[in-house]
Amino acid sequence: MRQIFKRLLTSVGSELSAADIQAAPVLEKELPSRIRKNYLSEIQVSGHPAILNKSTEIISQPKLDFAKVEKYDSLKNAWFEYPFKQAFLKTFTTNTRIGLVELQKKVFGLDVRVDLMARCLKYEKSWKEQGTESTKARGQVRGTGKKAAPQKGRGAARIGYNVHGPRPHNKTTDIQKKVYDAGIRHALSAKFQQSQLFVVDHLSLSTGTKQELKDVLEAHGLSGQKVYFIYGSLDSDLPLTNAVDMFTKKPKTELLPHGEKPLLITHASQVSVFTLLEYDYIILDKEACEVLEEMYA
């Protein structure tokens with residue numbers, strides 16, 4: 001009986017079973033009058049009497065008419081088949097929204113695959129490997145090449161030689177072009193999904209001073225962050241390039257409450273997976289979006 005009573009108290013607007021409904025009048029008679037008066041109330045559930053707690057909220061909502069449900073004649077017209085992602089287009093200097101820009105899902109809206117980005121990072125890391133480490137073989141060491149001591153029988157540890165030590169060689173690996181292009185797309189999609197990618201009208205500054213670029217970063221809420229600027233025009237803005245070169249790594253102080261981190265500016269055709277993931281935020285202009293979509297879509 002206690003189990004049936006517990007089920008009745010925990011039922012929130014749900015239809016009770018026939019056994020529970022039949023047991024409800026019996027429970028009402030067996031319960032003390034104080035509990036029955038203060039904590040229980042008799043209601044109708046699907047046309048049958050039932051005992052529920054007074055704090056139980058029962059919400060009745062009519063069924064939705066299927067004639068009012070929007071239908072799609074073809075899946076190509078469905079919202080999830082829309083080939084673009086929408087992002088706000090902002091001004092570079094004041095961070096003011098001036099419209100919307102559509103970005104292709106093939107480049108900026110993929111489901112991120114970490115394995116592809118890891119392969120691309122390993123490939124890019126091999127570019128920096130010098131491969132100049134070297135050890136001398138047995139015939140290259142100074143002195144005789146005779147075995148220094150017998151292998152066995154003298155009661156001491158054996159004396160070995162570094163026969164297969166590292167030799168100078170090229171450590172760069174190879175990767176398919178389509179795999180590397182996919183890594184670029186997934187890195188851009190990861191930044192877009194994390195709200196770390198901003199699209200602006202044009203990357204340019206008037207004076208090119210460090211303070212002017214600081215004001216721009218503060219307007220975007222990126223003070224003290226590592227920011228990667230990507231432009232799509234043939235030539236970069238010289239004042240912006242000079243201002244970017246002035247930023248270095250500095251700790252937080254009273255004069256620099258957010259600290260300072262290095263910035264980077266490149267053309268859209270020079271992006272790499274490592275730089276896209278290394279920098280916290282990416283700011284690119286409309287022309288850069290067009291270049292990236294033309295290269296990787």
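The values are calculated or read from the model by the stated rules, or taken from the named source; none is laboratory data. Note that this is a predicted model, so its numbers are computed, not measured. Every residue, glycine among them, receives a Cβ derived from its backbone with ideal geometry; neighbour counts consider all protein chains shown.
The single residue among Lys136, Lys146 that is loosely packed, with under 10 Cβ neighbours inside 10 Å, part of a loop (DSSP other than H, G, I, E, B), at pLDDT below 90 and not hydrophobic (A, V, I, L, M, F, W, C) turns out to be Lys146. If you go through the range 248-270 and pick out every residue that is in contact (Cβ under 8 Å) with a residue 12 or more places away in the chain, exposed (fewer than 12 other Cβ atoms within 10 Å of the Cβ) and hydroxyl-bearing (Ser, Thr, Tyr), you end up with 1. Sub-7 Å Cβ pairs linking a first residue in the range 276-292 that is assigned by TED's automatic domain parsing to the domain that holds Gly183 to a second residue that is among the acidic types (Asp, Glu), at least 6 apart or interchain, are Asp285/Asp201; Lys286/Asp201, ordered by first then second residue.
Please note which strands (runs of 3 or more DSSP E) are completely contained in the range 204-297 and include at least 3 residues that are among the hydrophobic types (A, V, I, L, M, F, W, C) and under 30 Å from Lys122 (Cα atoms).
In the range 204-297, the matching strands (runs of 3 or more DSSP E) lie at 227-231, 281-285.
When residues in the range 116-140 are screened for being hydrophobic (A, V, I, L, M, F, W, C) and over 37 Å from the mean Cα position of the chain (by Cα), 1 of them pass. Consider the range 223-247 and keep the residues that are out of contact with any His (no Cβ under 9 Å at 6 or more places or on another chain) and farther than 16 Å from Gly208 by Cα. The one that is surrounded by the fewest Cβ atoms within 10 Å (Cβ to Cβ) is Lys226.
Scanning the range 181-204 for residues that are farther than 19 Å from Gly109 by Cβ and surrounded by fewer than 20 Cβ atoms within 10 Å (Cβ to Cβ) gives Asp201, His202, Ser204.
Take the conditions (1) in contact (Cβ under 8 Å) with a residue 12 or more places away in the chain; (2) loosely packed, with under 12 Cβ neighbours inside 10 Å; (3) over 22 Å from Ile283 (Cα atoms); (4) not basic (Lys, Arg); Glu129 misses just one of them, which is (2).
A quick yes/no check of all residues on (1) of a type in the set (S, T, N, Q); (2) touching an Asp or Glu at 6+ places or on another chain (Cβ under 9 Å):
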residue: Lys210; (1), (2): no, no
residue: Leu217; (1), (2): no, no
residue: His220; (1), (2): no, no
residue: Lys226; (1), (2): no, yes
residue: Ser236; (1), (2): yes, no
residue: Asp245; (1), (2): no, no
residue: Thr253; (1), (2): yes, no
residue: Pro257; (1), (2): no, no
residue: Lys261; (1), (2): no, yes
